[in-house]
1. Suppose R0 equals 30 Å. What FRET efficiency, 1/(1 + (r/R0)^6) with r the Cβ-Cβ distance, do residue 84 and residue 152 give to the nearest 0.05?
2. Report the label-to-label distance for residue 175 and residue 220 in nanometres (one decimal), using points 7 Å from each Cα along the Cα→Cβ vector.
3. Hey, with R₀ at 25 Å, roughly what FRET efficiency would residue 164 and residue 254 work out to, going by the Cβ-Cβ distance, to 0.05?
4. Test of understanding: ordering 140, 95, 147 by Cβ neighbours within 10 Å, fewest first, what list do you get?
5. So, in nm, how far is label residue 286 from label residue 54 when the simple model puts each one 7 Å beyond its Cα toward the Cβ?
6. Please turn the phi angles of segment 258-267 into ³J(HN,Hα) values with the Karplus equation 6.51 cos²θ - 1.76 cosθ + 1.60 (θ = phi - 60°), one per residue in order, whole Hz, x for glycine and proline.
7. Count the lysine pairs in segment 163-349 whose Cα atoms lie under 29 Å apart, taking only pairs 8 or more positions apart in sequence or on different chains.
8. Sequence-distant or interchain residues sharing an amide H contact under 5 Å with residue 240, placed H: which?
Amino acid sequence: MTTGISPSVDASDDRPPTFPETPSVTHGVPSPAPQNTVPSHLERLADRARDYVEAASSANTRKAYVSDWKHFSSWCRRQGLELLPPSPQVVGLYITACASGAAIPGGKPNAVSTIERRLSAITWNYTQRGTPLDRSDRHIATVLAGIRNTHASPPRQKEAVLPEDLIAMLETLARGSLRGLRDRAMLLLGFAGGLRRSEIVGLDVGRDQTQDGRGWAEILDKGLVVTLRGKTGWREVEIGRGSSDATCPVVALETWLKLARIGHGPMFRRVTGRGKDVGPDRLNDREVARLVKRTALAAGVRGDLTEGEREEKFAGHSLRAGLASSAEVDERHVQKQLGHASAEMTRRYQRRRDRFRVNLTKAAGL
């Protein structure tokens, strides 16, 4: 069945992409590529292989990909376009609609980062169906380059939680409650370790204790060694003890684990029963963002802004940015702590570094 759209050309073709003004074809919903029948004695291996496929990406990524594919499918259905076989021209039209706010009725233009994620989701879904999409085709690549040049803007960074801010935020938490002790440990551990919100809630008390754990922490005399599973493999983060018990992440964690009676499994869990009981379930990573936002507002951080502006300023990344901006050490140590592949990425997190410490103008003799 044809789509009524001109066939794709080689990516080396330097002609501008061409699209029909009124494409008109029927819509069809694809199904996953047929699976070969697996002999009964290999069924357990097949199940394990599917587990590995699922583990190849995070739960948040898979959720986003499902949502983006539904978004693309709905747009195709409204336009009378067919999903299979994959058409670079159709995808080029789709990302154009996303950029112009025409992807859904009454919609708003998507950010460039959102469009790039949607394109990744579409590519991934087509690949899983055994019908790869050529992203390098000019109908996609050239249009995407134009969208970037036209609509790309500097990233809007979250406000850094600085040490004085963090101390004020800790004071808003109830010291005598389990929830307050848990939140205190999460804030201090997230800040001192420069951890992502998913890394904070993904911690287990020990190694290999849960299937969904992203790491564990070992408490030593001088501090914590946190072992994390990241995007590029495993890494270790050392978190030293603080100068006082009131601001020490190690003490805060020890206190939470002891009073919550947690010796195995997820480290940070829901507090139930009017704050008197600790459940078995791991916290969702969104709870970290809500915690940072709530305590920053309660502590009056950035009181010069309106409440609406302040709500937009703070999130889980505020803790990582706070450490990067506050630690007066060699930049490479901060880079290692945050798990960045390049110093340039670390500098994006440093909100108050001296940008002119190295003055090339004077170094050149002017």
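1. On the way: r = 31 Å, r/R0 = 1.04.
E(calc), rounded to 0.05, equals 0.45.
2. Roughly 3.0 nm, to one decimal.
3. Numbers: r = 24 Å, r/R0 = 0.98.
For residue 164 and residue 254, the calculated efficiency is 0.55.
4. Values: 140 26, 95 23, 147 20.
Fewest-to-most Cβ neighbours within 10 Å comes out as 147, 95, 140.
5. Taking the simple label geometry, residue 286 and residue 54 are separated by 2.1 nm.
6. 5, 6, 7, 6, 9, x, 7, x, x, 7
7. The number of close lysine pairs in segment 163-349 is 12.
8. Residues meeting the criterion, in which the H sits 1.01 Å from N, are 224.
None of the figures in this text is laboratory data; all of them are computed from the coordinates on show. Not measured: the values here are computed from a predicted model. Please note: Cβ atoms are built from the backbone with ideal geometry, for glycine as well, and neighbour counts cover all protein chains shown.
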